[in-house]
1. Would you mind ranking 29, 164 by Cβ crowding within 10 Å, fewest neighbours first?
2. Could you line up 180, 109 from fewest to most neighbouring Cβ atoms inside 10 Å?
3. Going by alpha carbons, how many degrees (0 to 90, nearest 10) lie between the helix axis of 21-30 and the longest principal axis of the chain?
4. Can you give the extra length, in nm with one decimal, that the chain gains between residue 125 and residue 88 once fully stretched, where that is 0.36 nm per residue apart less the Cα-Cα distance?
5. Using a Gaussian network model of the chain whose springs link C-alpha atoms within less than 10 Å, name the residue from 107, 92, 154 with the highest mean-square fluctuation.
6. How far is the Cα center of the stretch 1-44 from the Cα center of the stretch 110-184, in Å?
7. With the crude spin-label approximation of a point 7 Å out along Cα→Cβ, what separation in nm comes out for residue 183 versus residue 169?
8. Hey, if you drop one equal point scatterer on each alpha-carbon of the chain and run the Debye formula without solvent, what base-10 log of I(q)/I(0) do you get at q = 0.16 Å⁻¹?
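Where a number appears in this text, it was derived from the coordinates with a stated rule and is not lab data. The shown structure was predicted, so the numbers you read here are calculated from the model rather than taken from an experiment. Using ideal geometry, Cβ is built from the backbone for each residue, glycine included, and neighbour counts are taken over all protein chains shown.
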Amino acid sequence: MTTYISILRGINVSGHNIIKMETLKKSYTSLGFQNIITYIQSGNVVFQFKKSGQLKIEKMIKDKIADDFGYDVPVIVIDYPKLKNVILNNPFLCNNNVNLSMLHVTFLSAVPEKSNVDKLKDVDYTPDKFLVVDDVVYLYFPDGYGNTKLNNNFFENKLKVIATNRNWNTVNKLCKIAESNNNS
């Protein structure tokens with residue numbers, strides 16, 4: 001079995017697309033997923049499933065949520081080794097002056113076309129910083145996520161892929177849950 005992490009966008013936000021995590025776990029169970037663990041109410045789910053393609057699993061989850069809850073929710077799935085690499089390769093960790101609580105990661109549904117990434121080279125929203133690496137955007141917001149223009153919509157519009165953001169604490173917690181799940 002492979003340990004996966006699914007990251008749902010736009011559920012339980014401001015009273016919209018409400019899904020209770022226990023109900024979501026039942027939906028995941030019906031898909032044949034095992035050892036399902038949810039983390040907070042924003043649609044973070046760690047689970048195990050036979051080795052399958054990321055896009056196949058994303059479609060399974062997306063279709064199941066549409067069938068069970070009537071919501072069209074973007075879904076991004078990564079495996080445990082990928083999440084671990086995301087953490088290990090964060091370029092902002094090299095700076096000792098970085099406040100870890102201001103780090104974020106935006107997960108992308110695919111590696112964006114180089115031409116779209118190149119369009120971001122001149123974007124400057126100082127003091128906010130970002131770096132696109134494959135299908136991940138590393139972010140540092142010294143004034144907080146609520147004060148930046150570098151949000152999901154910005155990256156979706158510029159990179160032409162689905163994007164969903166998690167703070168650094170959540171990314172690390174998901175990795176710890178996945179590691180524990182992976183070793184069970």
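1. Lowest count first: 29, 164.
2. Going from sparsest to densest Cβ surroundings: 180, 109.
3. Computed tilt is about 60 degrees.
4. Fully extending the segment from residue 125 to residue 88 adds 10.8 nm.
5. 154
6. So the separation of the two Cα centres works out to 21 Å.
7. 2.4
8. For the chain at q = 0.16 Å⁻¹, log10 I(q)/I(0) is -1.01.
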